[in-house]
Every structure is written in structure tokens, then in C-alpha cells.
1. Of all the C-alpha pairs in the stretch 200-314, what % are more than 17 Å from each other?
2. Using only alpha carbon pairs under 8 Å that are at least six residues apart, calculate the relative contact order of the chain and give it in whole percent.
3. Can you pull the three principal axis extents for the Cα set of the stretch 10-132, in Å, largest first?
4. Helix 357-370 versus the longest principal axis of the chain: what angle, 0 to 90°, nearest 10, using Cα atoms?
5. Please report the orientation-averaged projected area of the stretch 47-191, defined via the convex hull of its C-alpha atoms, in nm².
6. With each label point set 7 Å from Cα along the Cα-Cβ vector, what nm distance links ARG394 and LEU297?
7. Please give the length that would be gained between VAL239 and SER144 if that part of the chain were fully extended, namely 0.36 nm times their separation in residues minus their C-alpha to C-alpha distance (nm, one decimal).
8. Per 0.36 nm of contour for each residue apart, how much would the distance between GLN49 and ALA10 grow if the chain were fully extended, relative to their Cα-Cα spacing?
Amino acid sequence: MDFEDTPEQAEFRQKAVEFLEEFAPQVGGQDDSSSMYISDPAEEKAYVQRCRDWQRIKYENGWAGLTWPKEFGGQGITGIMEGIFKEEEAKRISASGIFAVSIGMVGPTIIAHGTKEQQEHYLPRMLNGQDCWCQLFSEPGAGSDLGGLRTMAVRDGDEWVINGQKVWTSGAQNSDWGILLTRSDTEAVKHRGITYFLVDMTTPGIDVRPLVQITGVAHFNEVFLTDVRIPHENIVGEVHGGWAPIMTTLSNERTLIGGGGSRASMQDLFALASRFGAADDPLIRQKIVDVGIKIELLKYLGYRSRTAATKGEPPGPESSITKLSLSLLSHDIGNLVMELCGPYGTLSSSDGVDEGRWVQDFLSQWGVRIGGGTDNIQRNTIGEKVLGLPSEHRVDKGIAFKDIPTS
Ligand SMILES: Cc1cc2nc3c(=O)[nH]c(=O)nc-3n(C[C@H](O)[C@H](O)[C@H](O)COP(=O)(O)OP(=O)(O)OC[C@H]3O[C@@H](n4cnc5c(N)ncnc54)[C@H](O)[C@@H]3O)c2cc1C
């Protein structure tokens with residue numbers, strides 16, 4: 001593909017720049033690329049509000065849901081054009097973080113598997129910044145092996161009663177709605193007895209408890225569900241048939257995580273090396289260039305998935321390559337910046353180098369390597385689904401969920 005803008009893309013870029021220059025200053029806030037980096041509760045509250053305000057402004061001016069089809073309130077433009085908008089947006093404002101799950105994962109799932117009523121009700125509220133969503137998938141005993149989830153859903157007339165526990169739910173403390181996976185049939189094999197719900201996070205019986213990470217930030221939560229009642233109409237897809245919408249959500253998640261590219265550039269790393277007197281060290285120079293090449297590769301992988309999306313291809317197992325590449329890159333960058341900063345790398349927040357930005361990148365690498373599926377799981381997916389290698393041996397294959405031995 002050609003990496004220069006076509007005349008049509010250049011014109012689109014110009015329009016995006018005009019919109020951003022007029023409206024982004026109203027919301028402000030450049031240095032807050034994600035709630036993963038905010039530990040102060042007041043700052044977090046302000047960040048959440050800034051995200052909601054910015055989403056509303058984008059919606060009102062025709063810049064929300066860029067790649068969503070027009071019939072669902074989106075702009076129906078290509079993934080490449082969306083990439084151009086995001087590139088320009090990132091230069092001027094960072095206030096999209098809390099809507100990443102909503103617009104990047106929940107919206108595409110409701111578009112692909114939701115009923116007409118669900119699409120008409122939930123999609124506009126997501127795009128206009130009214131509803132923010134979280135992903136209630138992982139449990140204490142079900143992460144990589146999501147098919148092992150045990151949160152129970154029992155039907156009671158027109159409602160379902162939910163009991164169980166979720167964990168690592170990013171942003172649940174700021175979310176209005178959640179996508180929730182439950183076990184609804186224990187007689188079926190494990191991937192067949194799962195039902196996928198949309199749940200209002202204010203429903204009685206939902207208890208959200210923030211978890212503080214190594215970074216000092218409570219990015220994710222434990223969520224306890226006790227006799228939570230959800231209307232039958234909030235099911236996405238078929239009863240017991242949650243696996244199809246799950247696959248749509250997860251492949252969009254991998255593309256979303258990897259497709260965002262790297263927060264650091266090679267220039268940032270050279271500037272840091274210069275400040276610490278290491279820019280002439282040949283070994284450091286080699287490491288910076290190595291990381292710089294990987295940053296570029298990740299960018300082009302992002303272009304590739306956007307080009308595929310433009311051709312109408314849904315994100316497939318190749319999205320594991322993008323996710324794994326970001327993961328390995330975050331490890332390389334995290335370790336390199338610590339080597340450059342030396343003992344100063346142990347300081348955080350306002351005492352740290354660049355307000356603690358680099359120590360946050362270092363400490364966040366483990367979260368990046370686990371969230372959205374661990375490195376090992378991405379390697380399994382690439383091996384089996386992309387390279388066609390034999391599947392892992394599965395001892396639970398063909399066995400009813402209730403008969404699978406547990407510890
Ligand atoms: C920053 C962050 C944000 C997150 N946000 C959310 C969220 O919003 N919503 C949500 O539902 N979840 C979220 N998660 C949870 C995440 O999806 C899980 O942590 C992840 O899928 C791993 O599951 P686990 O923690 O249960 O680890 P386990 O599945 O228990 O894995 C433990 C170890 O075993 C390895 N392993 C497991 N199975 C295999 C296998 N078959 N082959 C090879 N190795 C294997 C893993 O790679 C890992 O090293 C988040 C996690 C993080 C770190």
C-alpha cells in the first residue's frame with residue numbers, strides 16, 4: 001500500500017485538523033492517554049468527564065463512530081480514514097480512553113449480533129457519550145480459558161437471575177453498562193452453555209470494588225453479582241449461544257489494543273538517552289533503533305488491519321499478531337527506559353522523570369502482556385488459527401460442563 005495521503009485523504013485530514021483545532025481546546029487535556037495512568041481520584045473524575053464531553057462534541061459534529069455503518073449512526077468511512085483522524089486527534093487531545101470498550105468492542109458486537117431494538121437503543125447513547133461500557137468477562141477461575149466461567153444465570157419468567165464474581169473489569173467504576181458472560185446451561189459442553197447479557201451497572205446486587213495495581217492506579221475492579229435481575233430482552237445472540245458474540249468482542253479487543261500503536265516514539269527515546277548522557281553509546285543506539293523498527297512495524301500492522309476492515313473483513317485471528325507485537329514492544333520499551341533513567345527510574349509521579357511517565361510505561365508492561373489475552377494465548381491462536389498447527393490437547397472436550405473436574 002501507499003503510505004502517502006491520496007488527494008482524498010489529504011482533504012479529509014485537512015477537515016479533521018480544522019475540526020480538532022476548533023473544538024479540542026474546549027475540552028483540553030493532552031497528557032492523559034489512558035485512565036491506566038491516573039491515580040488521583042479527583043484527576044480521574046475530571047478525566048472521565050473530559051472523555052464524556054469530548055465524545056459528545058465528536059458526535060454532534062459528525063466525528064463519532066467513524067467506521068461504523070451509517071445505518072447505525074456511524075460515519076461509514078474506511079479504517080484508513082479513521083486512522084488519519086486518530087493520528088491528528090492524538091496530537092491535540094487524549095480524551096477517548098473510557099469509550100474504548102464501548103465503541104471499539106461493545107458497539108461492533110451489538111451491530112453484528114444485537115436485535116434491532118438493542119441497536120436502536122444502545123448504539124446512539126454510546127456514540128454521544130451518554131453511556132460508557134465495561135467488559136464483565138474474566139473471573140477468578142476463568143481468564144485465558146473463558147469457556148470455564150461460572151457466574152450463573154437462571155431464568156425466572158421474563159428475567160434472569162445472576163450470581164457470581166467477575167475480576168479485572170477495567171473501568172467498571174466509571175461505567176453505566178456492562179457486557180456480561182454467564183453460565184446458563186451446565187449440561188452442555190463448556191462453550192455451548194454460555195449466555196451473553198447487557199447489564200445496567202446500577203442494577204441492585206452489583207458491587208464494584210476497585211483493585212489497585214503495581215502502578216498505584218485502580219484501573220480495574222472486582223465485581224460481585226448477587227441476585228442481579230436482568231430482563232430477557234437484554235440477551236445478545238441466542239440463549240446458551242454466547243460464544244459467537246464473545247468471539248466478535250474478543251477479536252475487536254485484540255485489534256483495539258494492538259492497533260493503538262506505541263505511546264513512545266524513537267525520537268522520545270533518543271531525547272531521553274541524550275538527557276542521561278547515553279546517546280553516543282553504541283549499544284544503547286542499537287537498542288533504540290531496534291525498538292524504533294518495532295514501533296514502525298506495529299504501525300504498519302495497524303495499517304494492515306485497517307485496510308482489511310476497509311474491505312469489510314471482520315478482525316480475525318491475525319489480530320493476535322498485532323496484540324502480541326504491542327505486548328513484546330511494551331516489554332522492550334519498558335526495560336530500555338529503565339536502563340536509560342538508571343536510579344531515577346525508581347521515582348514515580350512528580351518526583352519521577354517526565355512526571356513518572358517512563359516508570360508507568362515500565363510497570364504497565366505486565367498489564368499490557370496479560371490484558372486482552374496473554375502472550376502465550378496469542379501464540380497459541382497464531383499457531384493454531386493462522387499457521388494451521390495442531391490444536392492443544394483438551395481434556396474437557398465433549399464433556400458436559402457440570403462433569404468437568406475442578407480443584
Ligand atoms: C490491564 C488489564 C485489563 C483487563 N481488563 C479486563 C476487562 O476489562 N474485562 C475482563 O473481563 N478482563 C480483563 N482483564 C483480564 C484478562 O483478560 C485476563 O487476565 C487474561 O485473559 C488472563 O487470564 P487470567 O488472569 O485468569 O490468567 P490465567 O488464564 O490463569 O493464566 C495464567 C498463566 O497461564 C498461562 N496459560 C493459561 N492457559 C494457557 C494455555 N492454554 N497455553 C499456554 N499458557 C497458558 C497464561 O499465559 C498465564 O501466563 C484485564 C487484565 C489486565 C491485565
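1. Values: 4915 of 6555 pairs.
In whole percent, the share of Cα-Cα pairs in the stretch 200-314 beyond 17 Å is 75.
2. Computed value for the chain: 13 percent relative contact order.
3. That gives 39, 38, 20 Å along the principal axes, largest extent first.
4. 30
5. Values: hull surface 41.1 nm².
Here the figure is 10.3 nm², rounded to one decimal.
6. So the two model labels end up 3.1 nm from each other.
7. Difference between extended and current length: 31.9 nm.
8. Taking GLN49 through ALA10 to full extension adds about 10.9 nm, to one decimal.
Each reported figure results from applying straightforward, stated rules to the coordinates on display, with no laboratory input. No experiment lies behind these values; they were computed from the predicted model shown. No Cβ is skipped: glycine too gets one built from the backbone with ideal geometry, and neighbour counts run over all protein chains shown.
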